[in-house]
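Colleague: Input: one structure, supplied below.
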Amino acid sequence: MRQLSIKTEIHKLNTFEEFYKEFNIGENDLILTIDPVFNAYLKDREEKLNVVFPEHYALGEPTDEMIDRILADIKAIDFKRVVAIGGGSIVDIAKIFVLKQADRSEQLFLREVPIVKEKELIIVPTTCGTGSEVTNISIALLTNKNTKMGLAGNELCADYAIMIPELLVKLPYKVFITSSVDALIHAAESYLSPNSNSYSELFSIKAMEMILNGYMEVVEKGQEHFRTIIEDFLVASNYAGIAFGNTGVGAVHAMSYPLGGVYHVPHGEANYQFFIAVFKYYQQKQPVGKIEELKKLFAKIIGSTEENAFEDLGKLLNNLLNLKPLREYGMKVEEIEGFSESVLEKQQRLLKNNYVPFTKEDLVNIYSSLY
């Protein structure tokens, strides 16, 4: 039985300049990035560079329409590698660009056409959350279906993941929190996944330890302290990516997708809304089992009791990012049923990784409790 697979070669470098020279970035590359990265590290290069800014097409997380518009604009560019320098949205788009293209990107996500990798992929994360530099998943909002969907397959694995802490030092505080809490959830959901094993647990446990210890330092020393320990969060995010890339994530992610798709809540923040509530519900439905081990682990890290581990973890996270009722994002009470049905119908890829199975009633109860 397979225990662990890492398809991507991982590098850690001190500066962007080292990366640029070592990987010989140039005119054979299609670079996807954001304005701040371009202005700081690429703008004054002598080489001809092919640079695309997805945020110039639309703000927020990727949609199939955005991807199709960008693909139409780059048809004339002859490139051999795709280089993604950015957060999760940039990476999700870049993974689609290495594939043999269909008439519409929606066809790829719906698997109506073969998934064939044609280009090499280099990913340089600029946030500490998605871990997607080492996963085989791309997520996009399918506009016709008004829901997020994931495309998974080894064809989407990066050939190289490049860790450069220098790129994260100037992150806005909220981006740091919403991305790193996403990594924490990746690690926790991976730990409880039925696909978890002793190998994946090494990565998920270490990721949770590094992130929570870092959070306690930030609470003690102030918001700006995260900049001095950002390398720990970058590495922890990578560990969490390796863990959930091998085991999958579950109901937290599944339940967040309608909120993100309909109300455009950033991915990490949307996941955060459901994290503690889902894990408490797991405990309620099956209190004996691996959930006990996770509570002991959380209690040990944050200095709590096993009985109060989830409550105290929620308080720690709330000190960093305020947990809001779902209605404050615009969600309507009558959408609870529809969101629950959508999750059951469209997110079985994730729900199969739950600690315990969820029914529609379970989903309705959690949405209602958070409304």
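FYI, it's all coordinate maths here, none of it is from the lab. Since we're looking at a predicted model, the values are computed, not measured. Ideal geometry is used to build each Cβ from the backbone, glycine not excepted, and the neighbour counts take in all protein chains shown.
Colleague: With a cap of 15 neighbouring Cβ atoms within 10 Å, and only residues DSSP puts in a loop, list the trypsin sites (Lys or Arg not before Pro) found in the range 138-238.
Modeller: Within the range 138-238, the qualifying trypsin sites (Lys or Arg not before Pro) (loop, at most 15 other Cβ atoms within 10 Å) are 145, 170.
Colleague: Would you compute, from DSSP H runs of 4+ residues alone, the mean residue ellipticity of the chain at 222 nm, taking -39500 (n - 2.57) per run and dividing by the full residue count, rounded to the nearest 500?
Modeller: -15000 deg cm²/dmol
Colleague: OK, next. What number, in nm² with one decimal, is the all-direction average of the projected area of the convex hull of the alpha-carbon atoms of the range 25-111?
Modeller: Numbers: hull surface 22.2 nm².
Result: 5.6 nm².
Colleague: Further question: Over the range 123-188, consider all pairs of different Cα atoms and compute the Kirkwood hydrodynamic radius from their mean reciprocal separation; express it in Å, one decimal.
Modeller: By the Kirkwood definition, the hydrodynamic radius is 13.3 Å.
Colleague: Would you mind getting me the FRET efficiency between residue 38 and residue 221? Use the beta-carbon distance for r and R0 = 25 Å, nearest 0.05.
Modeller: It comes to 0.20.
Colleague: If one takes the longest principal axis of the Cα atoms in the chain, at what angle in degrees, from 0 to 90 and to the nearest 10, does the Cα axis of helix 309-320 lie?
Modeller: 50
Colleague: Go through the range 316-363 and name the GluC sites (Glu not before Pro) that are in a DSSP coil and have 15 or fewer other Cβ atoms within 10 Å of their Cβ.
Modeller: On the way: sites: 328, 334, 335, 337, 341, 345, 361; in loops: 334.
Those satisfying the criteria are 334.
Colleague: Assuming R0 = 45 Å, can you tell me the calculated FRET efficiency for the pair residue 47 and residue 144, based on Cβ-Cβ distance, to the nearest 0.05? Please report the intermediate quantities before stating the final value.
Modeller: On the way: r = 40 Å, r/R0 = 0.88.
Taking R0 as 45 Å, the efficiency between residue 47 and residue 144 is 0.70.
Colleague: Let me know the volume per residue of the alpha-carbon convex hull for the range 9-167, in Å³.
Modeller: 104
Colleague: Over the chain, what is the relative contact order in percent, taking alpha-carbon pairs closer than 8 angstrom and at least six residues apart? Numbers along the way, then the final one.
Modeller: Numbers: 657 pairs, mean separation 59.1, N = 371.
Reported as a whole number, the value is 16 percent.
Colleague: Under 20 Å from a point placed 7 Å out from the Cα of residue 328 along the Cα-to-Cβ direction: which residues of the range 182-224 have their backbone N that close?
Modeller: Within reach of a label on residue 328: 182, 219, 223.
Colleague: What's the FRET efficiency of residue 100 with residue 293 using the Cβ-Cβ distance as r and R₀ = 25 Å, to the nearest 0.05?
Modeller: That gives a FRET efficiency of 0.05.
Colleague: Right, next: Can you compute the modelled spin-label distance between residue 154 and residue 280, with each label point 7 Å from Cα toward Cβ, in nm?
Modeller: 4.2
Colleague: Hey, another quick one. How far apart, in nm, are the 7 Å Cα→Cβ label points at residue 59 and residue 111?
Modeller: The modelled label-to-label distance comes out at 3.6 nm.
Colleague: Let me ask something else. Which one of 309, 228, 245 has its Cα pushed farthest toward the positive end of the charge dipole of the range 171-370, where Lys and Arg give +1 and Asp and Glu give -1 at the Cβ?
Modeller: Working it through, the farthest residue towards the positive pole turns out to be 245.
Colleague: With everything on Cα atoms, drop me the angle between helix 230-247 and the longest principal axis of the chain, reported from 0 to 90° to the nearest 10.
Modeller: 80
Colleague: Could you work out how much longer the chain between residue 77 and residue 10 gets when fully extended? Use 0.36 nm per residue separation minus the Cα distance between them, nm to one decimal.
Modeller: 21.3 nm
Colleague: Taking only the alpha-carbon atoms of the range 171-370, what semi-axes of the equivalent ellipsoid follow from 5 times the gyration tensor eigenvalues under a square root, in whole Å, largest first?
Modeller: They are 25, 20, 16 Å, listed from largest to smallest.
Colleague: Along each principal axis of its Cα atoms, how long is the chain end to end? Whole angstroms, biggest number first, please.
Modeller: Rounded to whole Å, the extents work out to 60, 45, 44 Å.
Colleague: Helix 173-192: angle to the longest alpha-carbon principal axis of the chain, degrees 0 to 90, nearest 10?
Modeller: Orientation of helix 173-192: about 60 degrees from the principal axis.
Colleague: Output wanted: per-residue J couplings in Hz (rounded whole) for the range 21-28, from phi through Karplus 6.51 cos²θ - 1.76 cosθ + 1.60, θ = phi - 60°, x for Gly and Pro.
Modeller: Along the range 21-28, the couplings run 6, 5, 9, 6, 5, x, 6, 8 Hz.
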